[in-house]
1. Any idea how many residues of the stretch 1-38 are among the basic types (K, R) and modelled with pLDDT under 90?
2. Would you check if G19 is small (G, A, S) and touching a helix residue (DSSP H, G or I) at 6+ places or on another chain (Cβ under 8 Å)?
3. Assuming E56 fulfils every condition listed in (1) within 30 Å of the chain's Cα centre (by Cα); (2) modelled with pLDDT of 85 or more apart from one, which condition is it?
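The values are calculated or read from the model by the stated rules, or taken from the named source; none is laboratory data. Keep in mind that this is a model prediction, so the values were computed, not measured. All Cβ positions, even for glycine, are placed from backbone atoms using ideal geometry, and neighbour counts span all protein chains on display.
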Amino acid sequence: MADILKKIWIFLTIFTVMGLIALIPFGKYQRAYMKELHRAKSAPQKRVDAAYTYVEKVESGEQEEATTTTPPQGIKYSPNPRNRKPIYIRDKKNPRILYPYRN
């Protein structure tokens, strides 16, 4: 009887370990995933570096100061989200209901 219980426990332990190994997210650590993750994390620093190089070029006289409102290359312009019109409006009585915004 003890021999059968011992075999059952060994069998369950082996399958438990195999199941835990199967749950490891190997795809999360692939090279393409990590490259994209580092690119996304370094985007703000690239914008700051582009702004500094732009200022240095303007100060040294290599590039004229822009009179237009377009930002220098390497810096992406994102409009202020507070100035946008809303896409949806909530119902006054039930805040879970959304209606499309119409002018």
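1. From the stretch 1-38, those among the basic types (K, R) are 6-7, 28, 31, 35; that's our starting set.
Okay, now just the ones that are also modelled with pLDDT under 90, so 28, 31, 35.
So the count comes out to 3.
2. Working: small (G, A, S): yes; touching a helix residue (DSSP H, G or I) at 6+ places or on another chain (Cβ under 8 Å): no.
Spelling it out, it is not the case that G19 is small (G, A, S) and touching a helix residue (DSSP H, G or I) at 6+ places or on another chain (Cβ under 8 Å).
3. (1)
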